[in-house]
Amino acid sequence: MRQLGLQHKSAWDLYQTLRTNTGGGKRPAPGEVPDWSGLWVWNSSRGFLFDPDTPEGVVTTAKLTPEYQRKLDEEIARIGQGIEYDPISSCAPPGFPRWLAIPFLREFIVTPDQAWLSSETVNNVRRVYTDGRDHIPEVDRYPLYYGDSIGFWNNQTLTIHTNQLTAGIYQRGNPEYTDQVETVEIWEKVDERTIEVDVWIYDPPALVEPWYVKQRYSKVSDQDKQLRIRYWDCLENPNNTVFKTPEGSTQFREFTFSKPGAK
């Protein structure tokens with residue numbers, strides 16, 4: 001899979017090849033879309049590392065340009081001193097590609113014309129258009145947290161191309177990506193409790209070569225159907241007011257467990 005990424009100069013080139021190889025994909029009938037119902041969670045035993053298959057003792061499997069390797073080294077050094085700030089601490093969206101490696105519940109709703117890939121983390125939803133439309137014209141594009149995603153079905157697999165993204169981080173203590181990042185994903189339900197996603201990330205300012213990772217999502221047992229994805233507003237808790245210190249770490253302001261207005 002890594003070699004497949006290396007054979008293409010851009011995510012769009014790879015996406016076009018995959019679409020051509022499948023005859024352009026086929027719009028499924030309503031009864032032909034796969035059953036991705038239920039609730040799912042990111043499956044990784046490597047903590048917050050974006051690549052779940054990162055070997056022990058390795059910081060990242062991404063091959064970074066010198067500038068972004070330096071940025072990562074500096075970030076790791078700050079973390080070693082207890083200085084770390086995460087943008088989502090103050091309710092900023094995680095963004096994409098980070099979305100692929102965030103915890104908490106997920107829900108995937110698929111139809112012939114759209115796939116809605118949602119996560120409980122800050123109530124985010126990725127809308128993947130599979131009705132044959134192209135991306136937004138280049139003149140009208142601007143960076144978005146979750147970009148613009150189009151895709152096609154090939155039997156039970158969904159292939160997605162995403163562009164028009166804003167810069168961000170892959171996870172805490174992980175590399176940064178730029179607003180030139182683009183991705184290709186192939187989603188497939190491999191058994192009743194597992195969805196696997198092949199991911200290729202292209203980002204010339206930050207990556208020496210395309211970064212290939214495999215993400216996995218496990219279905220959550222919910223036989224009594226009591227689990228819900230709740231609306232998440234991390235600013236509604238008065239004990240969760242977060243700010244960035246001059247040193248660059250996360251801190252809570254006026255941290256108290258008292259109810260608002262209590263004496």
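The values are calculated or read from the model by the stated rules, or taken from the named source; none is laboratory data. It should be emphasised that the depicted structure is a prediction, and the values quoted were computed from it without experimental measurement. Please note: Cβ atoms are built from the backbone with ideal geometry, for glycine as well, and neighbour counts cover all protein chains shown. Quick note on the areas: whole protein, heavy atoms, side chains included, nothing else; ligands and nucleic acids left out. Shrake-Rupley method; radii C 1.70, N 1.55, O 1.52, S 1.80 Å.
Looking across region 96-129 at every residue that is under 19 Å from the mean Cα position of the chain (by Cα) and among the charged types (D, E, K, R), the one that is farthest from Asp233 (Cα to Cα) is identified as Arg127.
Here Ser221 clears all of (1) assigned to a loop (DSSP other than H, G, I, E, B); (2) among the small types (Gly, Ala, Ser); (3) open to solvent by less than 40 Å² (accessible area, probe 1.4 Å) except the condition numbered (3).
Looking at region 130-171 only, could you name the residues that are within 13 Å of the chain's Cα centre (by Cα) and in a loop (DSSP other than H, G, I, E, B)? If the condition is that a residue be within 13 Å of the chain's Cα centre (by Cα) and in a loop (DSSP other than H, G, I, E, B), then Tyr145, Tyr146, Gly147, Thr166, Ala167, Tyr170, Gln171 are the ones that fit. When restricted to residues that are farther than 16 Å from Ile186 by Cα, modelled with pLDDT of 95 or more and of a type in the set (D, E, K, R), region 95-130 contains 4. Scanning region 208-263 for residues that are at pLDDT 75 or above, of a type in the set (S, T, N, Q) and under 24 Å from Leu49 (Cα atoms) yields Gln215, Ser218. Somewhere in region 140-158, is a residue at pLDDT 95 or above, open to solvent by less than 30 Å² (accessible area, probe 1.4 Å) and at positive phi? Yes, region 140-158 contains a residue that is at pLDDT 95 or above, open to solvent by less than 30 Å² (accessible area, probe 1.4 Å) and at positive phi. Selection within region 36-64: residues that are outside any loop (DSSP other than H, G, I, E, B) and in contact with a helix residue (DSSP H, G or I) (Cβ under 8 Å, 6 or more places away or on another chain). The member of this set that is nearest to Glu209 (Cα to Cα) is Leu64. Confirm whether Ser90 is open to solvent by 30 Å² or more (accessible area, probe 1.4 Å) and either touching a Pro at 6+ places or on another chain (Cβ under 9 Å) or modelled with pLDDT of 95 or more (or both). Considered against the rule, which asks whether it is open to solvent by 30 Å² or more (accessible area, probe 1.4 Å) and either touching a Pro at 6+ places or on another chain (Cβ under 9 Å) or modelled with pLDDT of 95 or more (or both), Ser90 comes out as no. Contact map, region 83-94: first residue in contact (Cβ under 8 Å) with a residue 60 or more places away in the chain and on the phi < 0 side of the Ramachandran plot, second residue open to solvent by 30 Å² or more (accessible area, probe 1.4 Å) and among the charged types (D, E, K, R), Cβ cut-off under 7 Å, separation 6 or more or different chains; pairs are Ile83/Glu247; Glu84/Arg78; Glu84/Arg172; Tyr85/Lys244; Asp86/Arg172.
A search for C-beta distances below 8 Å between a residue of region 195-212 that is closer than 14 Å to Tyr170 by Cα and any residue that is buried (at least 23 other Cβ atoms within 10 Å of the Cβ) and among the hydroxyl-bearing types (Ser, Thr, Tyr), counting only pairs 6+ apart in sequence or on different chains, returns Val199/Thr183; Trp200/Thr183; Ile201/Tyr177; Ile201/Thr183; Tyr202/Thr183; Asp203/Tyr177; Ala206/Tyr177.
Each row is one residue, and each column tells you yes or no for (1) modelled with pLDDT of 95 or more; (2) of a type in the set (A, V, I, L, M); (3) within 19 Å of the chain's Cα centre (by Cα).
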site	(1), (2), (3)
Gln3	yes, no, no
Thr17	yes, no, no
Glu32	no, no, no
Ser44	no, no, yes
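Against the test of being over 15 Å from Gly173 (Cα atoms), open to solvent by 30 Å² or more (accessible area, probe 1.4 Å) and of a type in the set (A, V, I, L, M), the options Ala11, Ala29 yield a single qualifying residue, Ala29.
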